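K.L.:
Structure below; questions to follow.
Coordinate-derived values only; no laboratory data. Not measured: the values here are computed from a predicted model. Please note: Cβ atoms are built from the backbone with ideal geometry, for glycine as well, and neighbour counts cover all protein chains shown.
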Amino acid sequence: MEEKITRKIYIAIGLVLCFTAIIMYKIQNTIILDASGVPKDFVEGYGDEKIGELDKTGIIETDYSKVNEDLVIEDYTDDTYWNVVLVNKMEPLSADRPITLGTLSNGKQLDKRIIDITEQMIKDAQNDGVSLIVCSGYRSYNYQQGLYNKEVNEWLSQGYSEQQAKDYASKEVAIPGTSEHQLGLAIDFITKGYTNLDQGFENTDAFKWLMENGYKYGWILRYMDGKQIYTGINYEPWHWRYLGPELAKEVKDSGLCYEEFLQRTYTFN
Ligand SMILES: [Zn+2]
């Protein structure tokens with residue numbers, strides 16, 4: 001009789017330990033989201049717009065000889081070309097570029113002119129059963145500068161020279177002025193069930209929906225796979241750029257990345 005009770009106690013203890021282990025495992029693997037659906041420890045700007053991979057084979061470098069030197073689009077802030085502006089390592093934005101911001105319902109900011117159409121896109125996706133969460137919209141020059149400096153300092157503290165530190169930092173964080181997020185016309189998307197900013201995003205329903213419908217609301221996939229040599233940026237399925245519905249359709253239909261499209265389609269003086 002006593003033996004049976006002892007056995008029952010052991011089984012009970014065993015079960016409690018099992019459940020505790022399962023709960024601890026779940027807690028450790030649960031990503032805590034804030035009210036807007038973005039992971040709480042998410043730092044905007046890291047892992048986004050990486051200029052190259054650091055690996056054994058070295059760094060992917062952009063061949064800027066392939067980028068037309070004549071392709072200069074002024075830093076237009078007027079109503080004619082505001083949506084067309086090209087931003088990359090060759091065409092940086094100034095620190096004091098003016099912008100009028102609006103705020104999305106989840107609190108993230110974008111150029112005021114694209115708030116309504118973007119909200120509409122998110123709503124329409126939702127009606128199709130797809131969750132689109134904006135985890136990063138507008139980022140200021142100063143914010144980007146802070147991220148960049150922090151990254152440079154980390155490399156310096158590991159004993160690298162200033163030039164090396166800057167080179168390596170620029171592979172992890174966009175150089176201030178070269179991020180489209182400063183335009184307020186770029187979004188990094190995540191989705192319910194996939195909150196990483198990595199290439200796995202391309203397997204989500206959110207990405208598929210964006211590929212089929214994004215252009216209708218003016219958005220294009222900005223850093224396409226296989227176009228790194230023109231964009232200077234790794235493939236980023238989560239990063240989308242607003243061009244307006246008309247231009248976005250043209251760019252999408254061309255199958256070109258934005259740099260290529262501008263070179264082949266327009267001559268700017
Ligand atoms: Zn981005």
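K.L.:
With label points built 7 Å along Cα→Cβ from the Cα atoms of ASP34 and ASN149, find their separation and express it in nm.
P.N.:
Here the answer is 2.2 nm between the modelled labels.
K.L.:
Hey, rough spin-label estimate for ASP124 and MET24, points 7 angstrom out along Cα→Cβ, what's it come to in nanometres?
P.N.:
It is 5.0 nm.
K.L.:
Gain in length, THR103 to GLU3, computed as 0.36 nm per residue apart minus the alpha-carbon separation, to one decimal in nm? Show your work: numbers first, answer last.
P.N.:
Values: separation 100, 0.36 × 100 = 36.00 nm, distance 6.75 nm.
Full extension from THR103 to GLU3 adds 29.2 nm.
K.L.:
Also: Could you list TRP155, TRP219 in order of exposure, starting from the residue whose Cβ has the fewest other Cβ atoms within 10 Å? All intermediate terms of the calculation are to be shown ahead of the outcome.
P.N.:
Numbers: TRP155 18, TRP219 26.
With the fewest neighbours first, TRP155, TRP219 line up as TRP155, TRP219.
K.L.:
OK, next. Pull up the cross-link candidates among the lysines for LYS208, meaning alpha carbon to alpha carbon under 25 Å and not fewer than 8 places away within one chain.
P.N.:
LYS50, LYS108, LYS123, LYS192, LYS216, LYS227, LYS249, LYS252
K.L.:
A follow-up question, please. Taking 7 Å along the Cα-to-C-beta vector as the label spot, tell me the ILE117-MET90 distance in nanometres, rounded to one decimal.
P.N.:
Simple spin-label model gives 2.6 nm for this pair.
K.L.:
Hey, another quick one. Order 165-177, 116-128 from most to least packed using the mean count of other Cβ atoms within 10 Å.
P.N.:
Values: 165-177: 19.8, 116-128: 15.2.
Ranking the peptides 165-177, 116-128 by packing returns 165-177, 116-128.
K.L.:
Oh, and also: Could you give the length gained on full extension between TYR10 and THR80, defined as 0.36 nm per residue of separation minus the Cα-Cα distance, in nm?
P.N.:
Values: separation 70, 0.36 × 70 = 25.20 nm, distance 7.62 nm.
That works out to 17.6 nm of additional length.
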